[in-house]
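The values are calculated or read from the model by the stated rules, or taken from the named source; none is laboratory data. Every value quoted in this text rests on a predicted model; they were computed, and no experiment measured them. In this analysis, Cβ positions are derived from the backbone assuming ideal geometry, glycine residues included, and neighbour counts consider all displayed protein chains. With ligands, DNA and RNA removed, areas are computed over all heavy atoms of the protein, side chains included. Shrake-Rupley method; radii C 1.70, N 1.55, O 1.52, S 1.80 Å.
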Amino acid sequence: MHKEDFFKEIIQVEVKSGTYVNKYPIFYREVSYISVFLLAPLSKLRDILPSKRMHPFRLTPWHSMFTITATEYKDSDVGPYNQVSIGIPFVFDKQTPVLTGILRKTPEVPLIYTLHLPVTTEHSRISGIEMANYPEFLADIHFIKEKNWIKCKADSEGKNILSLSCRDIPIKPFPRQRVFTVTQKNDRLIRSEFNFSDTMAGVSKKQSDVSLEFGDHLIGLKIKDLYSGKILQYQYYPSGQAILSSPIESYSAVK
């Protein structure tokens, strides 16, 4: 696929966000990320979600999952920046069967509630808040590649949020992916769509391929309290493209 084919024939509209003029949908022309799925107590995730309509995946009667994704947006319509996203996969208005995500398939296009979203630039922060009330705040997020490991360290206000290290695992052809991101704005839950191009990527379920530590920042401590100590899956997306829509659907937070 030619580098620009992913964006071909998609019309963008300019919208002012604070002092910035942005194009929507947002094109991300060069993206790299490491992402982990982590086991968590079901009851704690239920307490965090802002609406009783939102039901976390039930891996067991007592466990669910949340995600941490560390991303380098190297070329985008809002400039280059780094980001760490903490999210909770869920479904609306019904519980998933037990063993969803283990023996039962998760939804083909998952809904993920964005819980925390540290970013490295003011432009990306303001744009995300204006567009869909993403819970963005400024942080220092650095990536280094050391031997065969990709390492990400996220700090804010002089305190560490987390440090995530993932092994540079083998990659193979990987299809396009879609994710529905959900945020809260007043009494509404709003859904946007994130599309990632087909590319080469790797997936591993080996605990030894991931190292994760939480720091003394308040958010780091909160996330640590959710983590049950088990990595369910690690995904390595070394180079691709993405498109983020503005909100395309709205739900009442109260059924």
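Going through (1) in contact with a Ser or Thr (Cβ under 9 Å, 6 or more places away or on another chain); (2) open to solvent by 30 Å² or more (accessible area, probe 1.4 Å); (3) assigned to a strand (DSSP E or B) one by one, Ile86 falls short only on (2). In the range 206-217, which residue that is over 19 Å from the mean Cα position of the chain (by Cα) and without any contact (Cβ under 8 Å) to a residue 60 or more places away in the chain is surrounded by the fewest Cβ atoms within 10 Å (Cβ to Cβ)? Across the range 206-217, the extreme among qualifying residues is Ser208.
Going through (1) open to solvent by 70 Å² or more (accessible area, probe 1.4 Å); (2) closer than 17 Å to Asn82 by Cβ one by one, Lys222 falls short only on (2). The set of residues in the range 25-48 being surrounded by fewer than 19 Cβ atoms within 10 Å (Cβ to Cβ) and either without any contact (Cβ under 8 Å) to a residue 12 or more places away in the chain or within 18 Å of Val182 (Cβ to Cβ) (or both) consists of Arg46, Asp47, Ile48. Every listed requirement among (1) touching a residue at least 60 places away in the same chain (Cβ under 8 Å); (2) within 19 Å of Asp47 (Cα to Cα) is met by Glu130 save one, (2).
Conditions (1) open to solvent by 90 Å² or more (accessible area, probe 1.4 Å); (2) touching a Leu at 6+ places or on another chain (Cβ under 6 Å), marked per residue:
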{"position": "Ala154", "(1), (2)": "no, yes"}
{"position": "Ile161", "(1), (2)": "no, no"}
{"position": "Val182", "(1), (2)": "no, yes"}
{"position": "Asn186", "(1), (2)": "yes, no"}
{"position": "Leu189", "(1), (2)": "no, no"}
{"position": "Met200", "(1), (2)": "no, no"}
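For the range 101-131, a residue qualifies if it is within 12 Å of Gln83 (Cα to Cα) and part of a strand (DSSP E or B), and the qualifying residues are His116, Leu117, Pro118, Val119.
Going by the conditions given, is Lys74 touching a strand residue (DSSP E or B) at 6+ places or on another chain (Cβ under 7 Å) and without any contact (Cβ under 8 Å) to a residue 40 or more places away in the chain? In short, no. Within the range 50-77, if we keep just the residues that are outside any strand (DSSP E or B) and open to solvent by less than 10 Å² (accessible area, probe 1.4 Å), the residue that is nearest to Gln241 (Cα to Cα) turns out to be Phe57.
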